[in-house]
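The values are calculated or read from the model by the stated rules, or taken from the named source; none is laboratory data. Please read these numbers as outputs of a predicted model, since none were measured by experiment. Here the Cβ positions follow ideal geometry from the backbone for every residue, glycine too, while neighbour counts run over all protein chains shown. We work out accessible area using only protein heavy atoms, side chains counted, and drop any ligands, DNA or RNA first. Shrake-Rupley method; radii C 1.70, N 1.55, O 1.52, S 1.80 Å.
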Amino acid sequence: MSTLIRGGTLVTGTGGVIEAGALVLADGRIDAVLDRWDPTLGFDGEVIDATGLLVMPGLINCHTHGVTPGPLFPSAAPALPDEEWLGHLDRHLLAGTTTVLSLCGFATMDHVREADRRHPVHVRGATTHLPSALAAAQRADGGGLSGREAQLSVEKMLDDGAVAVGELGGGQTLGGGGQDLVYLPAAIGRRTGVRISQTEARRLKEAVLGRFLDAATVDVDELTAAADDAGLAGRLTPGELAALVADTVMPSIAPALEGIREGVRAAARLGVPAVVHSASATARVLRELMEDPATAGATVIAGHANHPSHASREALELARLGREHGWLAEVSVFDLLHRRHTVQTREHWDALLAEPDLVQVLGTDYGHGGRHDELIAAVQDITARGHRTLGEAVAMATSAVARAIPGLAPQRGELRAGFAADVVLADARDFREVRDVFVDGERVVHDGALTAGARR
Ligand SMILES: [Zn+2]
């Protein structure tokens, strides 16, 4: 089966743009990339008129969660029901993403292969099967663990097809938003009977532990004021409250930070990329690892370098320091462009992207309940704001990702003869309007909807 896509603006994935070019797909591969199609020539196969459309490689998303039937997040929370992770993959595909890297590192490769088999999106896996990362997950949550994880290792997972180490660290294990929302209010409620909010929990936490969770001393005045405002006056002494907060938040933090060290060193030793959780809680250990001789030569990707727990100036400084040490930076769109449920500011995003060559790759991360803004919306935004040209912005979600993580999408991410025919057709004026998507030459999205045979 051959397909000719002609008349569209080809965005090659490596920075190039060909106006009114043509693409020939055959046997699941890109057969030819042409500057133009001679209309007097016949074509034996389907012909698609792409006038007014962009034609680009299927996008490659290097930071996703909730796309397999395995344990969720670095905290190994219970797996999502099938319809939920399949639904996440549907949304990735409908927005032009044809390859995802699952950064729920406690899934097994059987979980990853099941997702890959049941959905047209190419699902690839990463691993955090490390003793300290496992201990952190068990202390923070661990509800999705089967008990067999301790027998697995990064080495075994790589042998079985994992392509990266990660995500190393996460908000749930590192005293981030997951602590403020769920675990800390629960602990205080059990002890006092008072139900506190996420905001109140964060304030108490920061009074006891500081914004970087490494304070040498408790800010007793602030803790007393925060406790009063949260309705806890007279329930606990400042000393009791400080101990309760520390005992709830801290147990998973030390192993989670140690897990980051173990993971980056393993990645250096084994020659695979590591994806680390960049946030205020990890800034210190990331700086330490940049200087660590045992990590020299490793490919380390700072995941969501634009994490909102950093002050934007801190995010910029950490990313610049990473660049000096040869690290790569990924920015996650979260839901900061449109939905704005978990991240309300675009300050960090713009600060990092405004600096040339500071950010190499784009991802989505998870957003609220998996409702992140689409990767293609990130590409559109970066182009519209003038941070990058169209060709460069598409490269950040295609060839640059394939290059950063060599096992993720070999022979994908470019419109190039011989490469896999993963191709997206989108409205040239607003390419969030994805019309058609081909995976391995097969049309799986048509006129913005999944085709009948898309899911297997
Ligand atoms: Zn993260």
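Here residue 410 clears all of (1) buried (at least 24 other Cβ atoms within 10 Å of the Cβ); (2) in a loop (DSSP other than H, G, I, E, B); (3) not aromatic (Phe, Trp, Tyr) except the condition numbered (1).
Hey, among 195, 235, which residue is assigned to a loop (DSSP other than H, G, I, E, B) and touching a Ser or Thr at 6+ places or on another chain (Cβ under 6 Å)? Talk me through it step by step, then tell me what you get.
On the way: 195 fails: touching a Ser or Thr at 6+ places or on another chain (Cβ under 6 Å).
Just a single option satisfies the conditions, and that option is 235.
Assess whether residue 97 counts as being among the hydroxyl-bearing types (Ser, Thr, Tyr) and free of Cβ contacts under 8 Å to residues at least 40 places away in the same chain. No; evaluated as a whole, the condition is false for this residue.
In region 314-334, the qualifying residues are those that are away from the ligand (no atom under 14 Å from the Cβ) and among the acidic types (Asp, Glu), and the one that is farthest from residue 212 (Cα to Cα) is 324. Just one residue in the set 363, 369, 418 is surrounded by 17 or more Cβ atoms within 10 Å (Cβ to Cβ) and either modelled with pLDDT of 95 or more or not hydrophobic (A, V, I, L, M, F, W, C) (or both); that residue is 363. Taken together, the residues in region 183-199 that are closer than 16 Å to residue 224 by Cα and within 28 Å of the chain's Cα centre (by Cα) amount to 1.
For region 421-434, which residues satisfy the criterion of being in a strand (DSSP E or B) and open to solvent by 20 Å² or more (accessible area, probe 1.4 Å)? Scanning region 421-434 gives a single hit, 427. Every condition in (1) open to solvent by less than 10 Å² (accessible area, probe 1.4 Å); (2) modelled with pLDDT under 95 is met by residue 247 except one, and the failing one is (1).
For region 292-301, indicate whether the set of residues that are open to solvent by 20 Å² or more (accessible area, probe 1.4 Å), within 16 Å of the ligand (Cβ to nearest atom) and either over 17 Å from the mean Cα position of the chain (by Cα) or modelled with pLDDT of 95 or more (or both) is non-empty. Scanning region 292-301, I find no residue that is open to solvent by 20 Å² or more (accessible area, probe 1.4 Å), within 16 Å of the ligand (Cβ to nearest atom) and either over 17 Å from the mean Cα position of the chain (by Cα) or modelled with pLDDT of 95 or more (or both), so the answer is no.
Table: residues versus (1) part of a loop (DSSP other than H, G, I, E, B); (2) under 21 Å from residue 8 (Cα atoms); (3) touching a residue at least 24 places away in the same chain (Cβ under 8 Å); (4) within 16 Å of the ligand (Cβ to nearest atom).
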residue: 37; (1), (2), (3), (4): yes, yes, yes, no
residue: 84; (1), (2), (3), (4): no, no, yes, no
residue: 93; (1), (2), (3), (4): no, yes, yes, no
residue: 111; (1), (2), (3), (4): no, no, yes, no
residue: 115; (1), (2), (3), (4): no, no, yes, no
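Counting only residues that are among the hydroxyl-bearing types (Ser, Thr, Tyr) and open to solvent by 10 Å² or more (accessible area, probe 1.4 Å), region 302-337 holds 2 of them. The set of residues in region 60-77 being modelled with pLDDT of 95 or more, outside any strand (DSSP E or B) and in contact with a strand residue (DSSP E or B) (Cβ under 7 Å, 6 or more places away or on another chain) consists of 65, 66, 67, 68, 71. Of all the residues that make up region 53-76, how many are in contact with an Asp or Glu (Cβ under 7 Å, 6 or more places away or on another chain) and over 30 Å from residue 276 (Cβ atoms)? So the count comes out to 1. A count restricted to region 153-180 and to residues that are outside any loop (DSSP other than H, G, I, E, B) and either crowded, with 24+ Cβ neighbours inside 10 Å or away from the ligand (no atom under 15 Å from the Cβ) (or both) stands at 13. Contact annotation: residue pairs with Cβ atoms under 6 Å, 6 or more positions apart or on different chains, pairing a residue in region 269-284 that is over 13 Å from residue 128 (Cα atoms) and of a type in the set (Gly, Ala, Ser) with a partner that is within 12 Å of the ligand (Cβ to nearest atom) and open to solvent by 10 Å² or more (accessible area, probe 1.4 Å), are 278/302; 278/307; 279/307; 279/309; 280/309.
Of all residues in region 357-366, those satisfying the criterion of being within 14 Å of the ligand (Cβ to nearest atom) and more than 18 Å from residue 81 (Cβ to Cβ) are 363, 364, 365. Among the residues of region 136-152, those identified as more than 15 Å from residue 262 (Cβ to Cβ) and either of a type in the set (Phe, Trp, Tyr) or assigned to a loop (DSSP other than H, G, I, E, B) (or both) are 141, 142, 143, 144, 145, 146, 147, 148. Regarding region 373-382, can at least one residue be identified that is under 17 Å from the mean Cα position of the chain (by Cα) and open to solvent by 20 Å² or more (accessible area, probe 1.4 Å)? Within region 373-382 (the criterion being under 17 Å from the mean Cα position of the chain (by Cα) and open to solvent by 20 Å² or more (accessible area, probe 1.4 Å)), the answer is yes, since at least one residue qualifies.
Criterion first (in a strand (DSSP E or B) and among the hydrophobic types (A, V, I, L, M, F, W, C)) does residue 126 satisfy it? Considered against the rule, which asks whether it is in a strand (DSSP E or B) and among the hydrophobic types (A, V, I, L, M, F, W, C), residue 126 comes out as yes.
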